[in-house]
1. When residues of region 26-81 are filtered for being part of a loop (DSSP other than H, G, I, E, B) and either modelled with pLDDT of 55 or more or among the polar types (S, T, N, Q) (or both), how many remain?
2. For the structure I just gave you, tell me whether THR23 is touching an Asp or Glu at 6+ places or on another chain (Cβ under 8 Å), modelled with pLDDT of 85 or more and of a type outside the set (D, E, K, R).
3. Note down all Cβ pairs under 6 Å where the first residue falls in region 15-36 and is farther than 23 Å from ASP82 by Cβ, the second is among the charged types (D, E, K, R), and they're at least six residues apart or on different chains.
Amino acid sequence: MTNTDVAAFIHADYRLTDHFGFTAGCRFTSVKTDSWRTERPQQLPVLRSRSRSRLRYFPAIPDSQTWHIFDPTVGVQYHINDDVMTYSQLGKGFKQAVDHAPVGGNHGPEDARFDPEYSSTTNWA
């Protein structure tokens with residue numbers, strides 16, 4: 001499996017008054033995953049002592065997936081004085097998922113496709 005990621009991001013802080021500030025940013029990521037399977041069955045570990053091991057079968061066909069992902073973040077700060085600040089921030093993120101290949105039988109490359117995992121974050125202090 002080969003992953004190619006290209007990203008661009010921007011982040012800015014703006015102090016509106018002596019006490020209030022704002023943060024905004026975003027990240028744009030372009031992800032491409034190329035995968036190749038083997039015709040040779042791969043032995044999977046036995047999970048239970050009495051069960052038979054299972055095999056994965058995939059034809060030797062290359063496959064590719066591409067995603068374009070936009071992740072924004074926004075925040076607000078309150079500066080109590082020059083040394084103390086409290087803030088709140090919201091953001092979105094992603095993680096390129098791992099391969100979730102099916103088990104047993106003959107499968108094509110489309111059967112082993114996967115999607116990124118998304119998350120949202122909220123911070124305050």
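1. Going through region 26-81 one residue at a time, the tally reaches 12.
2. yes
3. Correct list of pairs: ARG27/ASP71; VAL31/ASP5; SER35/ASP63.
The values are calculated or read from the model by the stated rules, or taken from the named source; none is laboratory data. All figures in this text were calculated on a predicted structure; none of them were measured in a lab. A quick note on method: Cβ atoms are made from the backbone with ideal geometry, for glycine too, and the neighbour counts reach across all protein chains shown.
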